[in-house]
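Participant: The structure follows.
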Amino acid sequence: MTDELYPVPAEWAEKAIINADRYAAKYRESVEDPDGFWRREAQRIDWIKPFTTVKDTSFHEDDFNISWFGDGTLNLSSNCLDRHLATRGSATAIIWEADDPNERGMTISYRELHSMVCRFANALKAQGVKRGDRVTIYLPMVPEAAVAMLACARIGAIHSVVFGGFSPDALAGRIKDCDSSLVITADEGLRGGRVVPLKHNVDEALDQCTSVTRVIVMRRTDTDVPMTEGRDIWWLDAEAGVTADCPPEEMGAEDPLFILYTSGSTGQPKGVLHTTGGYAVWTSMTHEYVFDYRPGQIYWCAADIGWVTGHSYIVYGPLANGATIVMYEGVPNWPDPSRIWQVVDKHQVEILYTAPTAIRALEREGDEWVKKTSRKSLKLLGTVGEPINPEAWGWYHSVVGEGRCPIVDTYWQTETGATMISPMPGATDLKPGSASKPMFGVKPALVDDKGHILEGAVSGALVITDSWPGQMRSVWGDPARFFNTYFTHYPGYYFTGDGCRRDEDGYYWITGRIDDVINVSGHRLGTAEIESALVAHEKVAEAAVVGMPHEIKGQGIYAYVTVNAGCQVDEKLRTELIHWVRAEIGPIATPDVIQFAPALPKTRSGKIMRRILRKIAEGDISHLGDTSTLADPAVVDDLVANRPSNA
Ligand code: WTA
């Protein structure tokens, strides 16, 4: 296979912070002398008490430990705000663009953001929030979301942001798991012209949660929402009577910063725990190098704050670097498919970071939506969340970027805190579809089934053999689950869950999840989670969920459902189950295909043969492989014969 190659443009090689020589030298140093490398890189952060130890880590069971800059202290909100005031106080921190193009946006300077955060931090304290308490944030994409996160960081409270698209049940599960005492929400959210009933969802969720004693409600749409006496308070009322003077709490480098729930291959979503010091260094460094970011540049990460991309590349990384960020409330294709490019023009965005699924969806609408905008301001493009197919990459590069903007395809995970494998625009020749080369300090390896490291140009399971500063530190409330999930498949290594190929040039090509996680439009969903939602329905006896290829979403959700004896299977039940899953988890978990099956293919020991279900979902029925170990091979024939027409 010959891959297309896009060499580093001369002007990038000349002007970028990291060029090819610097990349090579810094990478070598980062893996040969991690202590020296990170001691220097960590100077980008203002420490209250400087650290003396740098890296203290082991992935082995007997001395398992992950600690970075362990004895240093800092406050991340003051790194994102206070330290910029002297030099960049009047510079713009946030340019906020509303969902509706006719609604006036907002521009917030670092000085203003600082006082908003301090005031709200004091409001949280006045509501009884203390260092170490968990605060759940369930907000739309409004500046207040960043304010709430930074206010928590300022007082040492641990935030857990829940994506506004999650259902009341999903929200309740996340509140209960970390025992939040306070929820921050809005009356309603606005997205793509539609209203999201956030406060209503919180009310419903709180019927199931006893830990929450306070709800702070921001007014977004100004609709009337019921307020529970003694529990609910308006944002502005909570701020009444507090000052904007809030000294930052001195946090240990390894004190928790946030919890973010993400799906895995088993059980319910787990609370990924990130701590303060390493995460600060890691997000700030990767943001600067991968985006070649210089203060003053307008940078837009079009993710939602409810995902890790929003945490690391809308809030913490960019603001630590004094960036001017665009924060957009809506969706890329509303009111029409030109919107994303209009926002680029309106705010003269230089760096745009979005997801392959959005690119594919916009490409399908035709080039004219793009071409009627200027996009002259764009200098660099980025993608994240799933593999980008070379075809979509080509469109992003030639049509959107008119061939002049390098694309950084950044591979990482909620667990990794920030980018692990990615080009740097001044250093890396690009191959469409490849996330290319490891970030400083990242030691990727490909292993076979037995965990042996494979050399050269091969495919295997992607592991990381040593720790990096922004690595997750634990699963909230369940350290054993952390170790078992990531460090037992291939002892001594962190297992990503992804499959990967490495080519002759040492470029990495992520091929997608090899565990039971599906990636729908860049959103992670565990098959187990969707299955447990389905079997919670009174008519469902058993369910098995697998991913299927989907042109726009990357992967779609294919559910095999066995109903209880005597239950009628028809279109009505199909629709009912689709609505059921949406209500249980949220619209992102909507099954694309539901196939009713009299039985599921199982081994004699009763294990569902997912491999076969995946093949049928893919329509690859001529390659079902060995079915002789099945308890009842006839089950497969029935599944093949009765694939639904929309599969
Ligand atoms: C996938 C999102 C290929 C991968 C930041 C990973 C990617 C999962 C890429 C993590 C990429 C993310 N190329 N695959 N550039 N970026 N992935 O936790 O399967 O929501 O394991 O983090 O997305 O998803 P998560």
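The values are calculated or read from the model by the stated rules, or taken from the named source; none is laboratory data. None of the values given here were measured: they were computed from a predicted structure. Positions of Cβ are backbone-derived with ideal geometry, glycine not excepted, and every protein chain shown enters the neighbour counts. These area figures cover heavy atoms from the full protein model, side chains too; ligands, DNA and RNA do not enter into them. Shrake-Rupley method; radii C 1.70, N 1.55, O 1.52, S 1.80 Å.
Participant: State the cysteines of the chain left without a partner when partners are defined as other cysteines whose beta carbon lies under 4.7 Å away.
Facilitator: Lacking a cysteine Cβ partner under 4.7 Å: 80, 152, 178, 209, 301, 405, 500, 567.
Participant: Show which aspartates and glutamates lie in cross-link reach of residue 572 when reach means a straight Cα distance below 20 angstrom and same-chain residues fewer than eight apart are skipped.
Facilitator: 531, 538, 542, 584, 592
Participant: Right, here's the next one. Taking the Cα-to-Cβ direction at residue 200 and at residue 452 and moving 7 Å from each Cα, how far apart do the two end points lie in nm?
Facilitator: 6.0 nm
Participant: Not counting ligands, DNA or RNA, and with a 1.4 Å probe, what is residue 210's accessible surface area in Å² rounded to the nearest 10?
Facilitator: The value for residue 210 is about 140 Å².
Participant: Just to be sure I understand the model, the point goes 7 Å from the Cα along the line to the Cβ. What's the resulting residue 645 to residue 334 distance in nm?
Facilitator: 3.0 nm
Participant: Next question, about the same structure. Using only the heavy atoms of the protein chains and a 1.4 Å probe, how would 224, 505 rank by accessible area, largest first?
Facilitator: So the residues, ranked largest to smallest area, are 224, 505.
Participant: Something else: If you take the square roots of the eigenvalues of the alpha-carbon gyration tensor of the chain and sort them as a ≥ b ≥ c, do you get rounded (a/c under 1.5), prolate (a/b over b/c) or oblate?
Facilitator: Judged from the Cα gyration tensor, the chain comes out rounded (a/c under 1.5).
Participant: A further question on this structure: If you take every residue apart from residue 568 with its C-beta less than 14 Å away from the C-beta of residue 568, what net charge results, scoring Lys and Arg +1 and Asp and Glu -1?
Facilitator: -1
Participant: Ignoring ligands, DNA and RNA, what accessible area per residue does segment 496-550 give at 1.4 Å, in Å²? Let's see the in-between values first.
Facilitator: Working: 1760 Å² over 55 residues.
That works out to 32 Å² for each residue.
Participant: How long is segment 152-271 along each principal axis, judged by its Cα atoms, biggest number first, in Å?
Facilitator: Its Cα atoms span 46, 42, 31 Å along the three principal axes.
Participant: Hey, another quick one. Return the sequence-ordered ³J(HN,Hα) values of segment 155-164 in whole Hz as given by the Karplus equation 6.51 cos²θ - 1.76 cosθ + 1.60 applied to θ = phi - 60°, using x for Gly and Pro.
Facilitator: My calculation for segment 155-164 gives 9, x, 7, 9, 8, 10, 8, 10, 3, x Hz in order.
Participant: To the nearest 20 debye, what is the magnitude of the charge dipole of segment 1-77 about its Cα centre, counting +1 on the Cβ of each Lys and Arg and -1 on the Cβ of each Asp and Glu? Write out the running numbers ahead of the final one.
Facilitator: Details: 9 positive and 16 negative charges, 91 e Å.
Dipole about the Cα centre, nearest 20: 440 debye.
Participant: In addition: Check the straight Cα-Cα distances from residue 49 and name the lysines below 25 Å, setting aside those fewer than 8 residues away within the same chain.
Facilitator: The reachable lysines, counting only those whose Cα sits under 25 Å from residue 49, are 125, 130.
Participant: A follow-up question, please. With unit charges on the beta carbons (Lys and Arg positive, Asp and Glu negative) and the dipole taken about the Cα centre of the chain, which residue among 492, 197, 95 sits farthest to the positive side?
Facilitator: Ranked along the dipole, the leading option is 95.
Participant: Could you tell me which of rounded, prolate or oblate describes segment 426-572, using a ≥ b ≥ c as the square roots of the eigenvalues of the alpha-carbon gyration tensor, with rounded for a/c under 1.5 and, failing that, prolate when a/b is larger than b/c and oblate otherwise?
Facilitator: Taking the square roots of the gyration eigenvalues as a ≥ b ≥ c, segment 426-572 is prolate.
Participant: Next question. With r as the distance between the Cβ atoms of residue 107 and residue 511 and R0 = 45 Å, compute the FRET efficiency 1/(1 + (r/R0)^6) and round to 0.05.
Facilitator: The pair residue 511/residue 107 has a calculated efficiency of 0.60.
Participant: Multiply the residue gap between residue 638 and residue 14 by 0.36 nm, knock off their C-alpha separation, and tell me the result in nm, one decimal place.
Facilitator: Gain in length upon complete extension: 218.4 nm.
Participant: Taking the Cβ-Cβ separation of residue 91 and residue 219 as r and a Förster radius of 30 Å, what is the calculated FRET efficiency to the nearest 0.05?
Facilitator: 0.60
Participant: What are the ³J(HN,Hα) couplings of segment 271-277, residue after residue, when phi is run through the Karplus curve with 6.51, -1.76, 1.60 and θ = phi - 60°? Round to Hz, x for glycine and proline.
Facilitator: Per residue, the Karplus-derived 3J(HN,Hα) values read x, 6, 9, 10, 9, 8, x Hz.
Participant: Separate question: With the dipole of the chain worked out from charges on the C-beta (+1 for Lys and Arg, -1 for Asp and Glu) around the Cα centre, which of 295, 285, 212 lies farthest toward the positive end?
Facilitator: So the residue furthest toward the plus end is 295.
Participant: Pulled fully out, how much extra length does the chain show between residue 210 and residue 130, if you take 0.36 nm times their separation in residues and subtract their Cα-Cα distance?
Facilitator: Contour length minus the Cα-Cα distance gives 27.0 nm.
Participant: Let me ask something additional. If I model a spin label as a point 7 Å beyond the Cα along the Cα-Cβ vector, how far apart are those points for residue 179 and residue 83 in nm?
Facilitator: 3.3 nm
Participant: Residue-wise, which Karplus ³J(HN,Hα) couplings in Hz belong to segment 416-421, taking 6.51 cos²θ - 1.76 cosθ + 1.60, θ = phi - 60°, and x for glycine or proline?
Facilitator: 8, x, 7, 4, 9, 10
Participant: Charges only on Cβ, +1 for Lys and Arg, -1 for Asp and Glu: so what's the dipole of segment 172-293 about the Cα centre, in debye to the nearest 20?
Facilitator: Here segment 172-293 has a charge dipole of around 500 debye.
Participant: Treating the beta-carbon of each Lys and Arg as +1 and of each Asp and Glu as -1, no other charges, what is the dipole magnitude of segment 505-553 about its Cα centre, to the nearest 20 debye?
Facilitator: On the way: 4 positive and 8 negative charges, 27 e Å.
It comes to approximately 120 debye.
Participant: Can you give the longest run of the chain that contains no GluC sites (Glu not before Pro) sitting in a DSSP loop with at most 16 other Cβ atoms inside 10 Å?
Facilitator: On the way: sites that count: 4, 61, 103, 229, 250, 365, 402, 455, 504, 538, 551.
Longest gap between qualifying sites, sites excluded: 104-228.
Participant: For the chain, which whole-number percentage of the solvent-accessible area (1.4 Å probe, protein heavy atoms only) is attributable to carbon and sulfur atoms?
Facilitator: Ligands and nucleic acids excluded, carbon and sulfur reach 50 percent.
Participant: Tally Lys/Arg at +1 and Asp/Glu at -1 over every other residue whose Cβ is under 11 Å from the Cβ of residue 190; what's the total?
Facilitator: The answer is -3.
Participant: Of 26/379; 437/607; 176/615, which sit over 28 Å apart, Cα to Cα?
Facilitator: Values: 26/379 24 Å; 437/607 38 Å; 176/615 37 Å.
Beyond 28 Å between Cα atoms: 437/607; 176/615.
Participant: Let me have the 222 nm mean residue ellipticity of the chain computed from DSSP H runs of 4+ only, each contributing -39500 (n - 2.57), with the sum over all residues rounded to the nearest 500.
Facilitator: -8000 deg cm²/dmol
Participant: Could you state the number of Å between the C-alpha centres of segment 123-177 and segment 439-515?
Facilitator: So the separation of the two Cα centres works out to 31 Å.
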